[in-house]
Amino acid sequence: MNLVLLGAPGAGKGTQAKKLVDTYDIVHISTGNILRASVKAGTPLGLEAQSYMDAGELVPDSVVIGLVKERLQEEDAEKGFVLDGFPRTATQAVALTTELDELGRGIDYAIAVEVAPEVIVERLSNRQLCKACGYIGTKGDTSCPVCSGPLHQRDDDNPDTVRNRLEVYTKSTSPLIDYYHGADLLVEVNGDQDPDEVFADIQAVIAP
Ligand code: AMP
């Protein structure tokens, strides 16, 4: 199964991606995670990406498309994948379709997780990530409930950057909902529910 997860920052894409990976034995391809790992490792990709990420801007299409193409060609991606945070622009969406055509593959569903903007701002300012395992928690958690690792707030979850990320989402990424609707691949779910309920709604469509 090949899936794309669409939705504003903080809509719950990462949480749903984890559930999809665990349930359907597919690989999780998060461009945000790949870029953050590159920044941490100080690679040339990370050095190029960091200023865009800190400002809540999109990293240039050519950079992100290149890294997704490489990842899709790895052997484990053959069993299926969930793309989380990619595509984010029309150029990326078209490049993805073209690359998958070349690989003789295609998207099965593009799942849009929908949440009202005021809920997003509240969620992002409360969000805490586990440094060790990537668990997504809230400020109420003192340590990771999964692995007891330390929790921290993402650098780009501060109010100014969040505002910009939401604007960028509205302008560049939300039109992709129409793109996938036109391709008859779109599934819309209400993201303003308990994560298990969101997941049940997704499953009802992709594996009824
Ligand atoms: P995320 O973890 O998906 O919220 O991504 C964090 C940041 O990484 C974004 O605000 C962008 O700066 C960058 N990023 C992640 N995915 C993409 C993408 N597909 N295109 C451009 N920039 C991206």
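Every number here is computed from the coordinates shown, using simple stated rules; none is lab data. The shown structure was predicted, so the numbers you read here are calculated from the model rather than taken from an experiment. With ideal geometry, Cβ positions are generated from the backbone for all residues, glycine too; neighbour counts draw on all protein chains shown.
The table below lists the values:
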item	result
Reach of Lys131 by Cα under 16 Å, taken over aspartates and glutamates that are not fewer than 8 positions away in the same chain	Asp141, Asp155, Asp156, Asp157
DSSP beta bridge pairing in the range 1-114, given as percent antiparallel to the nearest 5	0
Ranked Leu35, Leu45, criterion: other C-beta atoms within 10 Å, fewest first	Leu45, Leu35
For the range 71-82, 3J(HN,Hα) per residue [Karplus equation, 6.51 cos²θ - 1.76 cosθ + 1.60, θ = phi - 60°, Hz, x = Gly/Pro]	5, 5, 7, 6, 4, 5, 6, 5, 7, x, 8, 10
Net charge over other residues, Cβ less than 11 angstrom from the Cβ of Ser172 (K, R count +1; D, E count -1)	0
3J(HN,Hα) from dihedral phi, the range 110-122, Karplus parametrisation 6.51/-1.76/1.60, rounded to Hz, x for glycine, proline	10, 9, 9, 9, 9, 9, 5, x, 5, 5, 4, 4, 4
Rounded to 5, percent antiparallel among DSSP beta bridges of the chain	25
Distant-in-sequence amide H partners of Cys144 (H built 1.01 Å from N, under 5 Å)	Gly149, Leu151
Per residue convex hull volume, Cα atoms of the range 125-188, in Å³	117
Using a Förster distance of 25 Å, the FRET efficiency for Ala204-Ala37 (Cβ separation, nearest 0.05)	0.15
Size of electric dipole in the range 18-89: Cβ of Lys, Arg +1 and of Asp, Glu -1, about Cα centre, debye, nearest 20	180
Mean Cα-pair separation over length for the chain, i.e. relative contact order, pairs under 8 Å, 6 or more apart, %	29
Cut-off under 5 Å, modelled amide H: who pairs with Gly85 long-range	Leu5
Test item: Cα-centred dipole of the chain, Lys/Arg +1 and Asp/Glu -1 on Cβ, debye	580
Residue-wise HN-Hα coupling along the range 18-28, computed from phi with Karplus coefficients 6.51, -1.76, 1.60 (Hz; x: Gly, Pro)	4, 5, 5, 5, 5, 7, 10, 6, 10, 8, 9
Linear extension gain, Glu102 paired with Glu78, 0.36 nm per residue minus alpha-carbon span	7.3 nm
Centroid-to-centroid separation of the range 11-62 and the range 70-107 [C-alpha atoms, Å]	14
Kirkwood Rh in Å, taken over all unlike Cα pairs in the chain	17.4
Residue order, fewest to most surrounding Cβ atoms within 10 angstrom, among His152, His181	His152, His181
